[in-house]
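Remarks on the structure that follows.
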Amino acid sequence: MRVIISMLRGINVGGHNRIKMDALLAIYAALGLRDARAHIQSGNVVFRTSGKSTAKLAAQIESAIEQKNGFRPSVILRTPAELRAVITGKHFAKERAVTPDRLLVYFMARDPGAEASAKVMAMNAGFEELRMDGRDLFINFPDGMARPKLSWAAVDRALAVPATGRNWNTVLKLLEIAEALDASPNTK
């Protein structure tokens, strides 16, 4: 069984789309996903699966959440190798002036294409710096994330693909959890 990292968009944010993590883990278990582990309350779940198609798996998770909770969040999936590539890739994390609490990765369900990527990169982001790498958009917030100049609604419209953001510390922790699960015995 392989390990997968799932990130749900818009869970437990601003009092909307509320779901307790134990209820979310129960949904994953009901789908036959093994050894599911949640990280923080924003819909991060690492699990094992024998499924091959991540697109099909994401749709199954979305549907199961909708059936149980009445809302359908986008579910973005990555393998540990894909998350490791995000961490070791060419982005801001290796630059001295960038701190982990000011770096966000916007994970997309699929590559938005050259035209959408160009639209995002051409946006006026104020002091925020953007770098696109396939299905991942890296954003450095030198003045902090509290009051960004970049419009999330405009980014979403330009990308036109399901996406969700995670700060750098969360990205690192998700890989740590995935690697620990991958190294542990499969409980079947």
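The values are calculated or read from the model by the stated rules, or taken from the named source; none is laboratory data. Treat the numbers as computed from the prediction; the structure is a model and nothing was measured. Please note: Cβ atoms are built from the backbone with ideal geometry, for glycine as well, and neighbour counts cover all protein chains shown.
General remarks:
Listed here are the residues, each with its yes/no results for (1) outside the structural domain of LEU24 (by TED's automatic domain parsing); (2) farther than 27 Å from LEU181 by Cα.
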site	(1), (2)
GLN60	no, no
ILE65	no, no
LYS90	yes, no
LEU104	yes, no
ASP111	yes, yes
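- Checking ARG147 against (1) within 14 Å of the chain's Cα centre (by Cα); (2) more than 19 Å from ALA58 (Cβ to Cβ), the condition it does not meet: (1)
- Inter-residue pairs, beta-carbon under 7 Å, first within 18 Å of HIS91 (Cα to Cα) and in the range 128-152, second polar (S, T, N, Q) and part of a strand (DSSP E or B), 6+ apart: GLU128/ASN140; GLU129/ASN140
- Taking the criterion of being at positive phi and surrounded by 14 or more Cβ atoms within 10 Å (Cβ to Cβ), the only residue of the range 130-188 that qualifies is GLY134.
- Every residue from the range 2-17 that is assigned to a loop (DSSP other than H, G, I, E, B) and touching a residue at least 40 places away in the same chain (Cβ under 8 Å): ARG9, GLY10, ILE11, ASN17
- Selection status of SER63, part of a helix (DSSP H, G or I), farther than 12 Å from GLY134 by Cα and more than 17 Å from the chain's Cα centre (by Cα): yes
- Residues that are surrounded by fewer than 16 Cβ atoms within 10 Å (Cβ to Cβ) and in contact with a strand residue (DSSP E or B) (Cβ under 8 Å, 6 or more places away or on another chain), drawn from the range 96-122: PRO100, ASP101, MET121
- Where ALA55 falls short, out of the listed (1) farther than 23 Å from LYS149 by Cα; (2) modelled with pLDDT under 95; (3) surrounded by 18 or more Cβ atoms within 10 Å (Cβ to Cβ); (4) of a type outside the set (Lys, Arg): (3)
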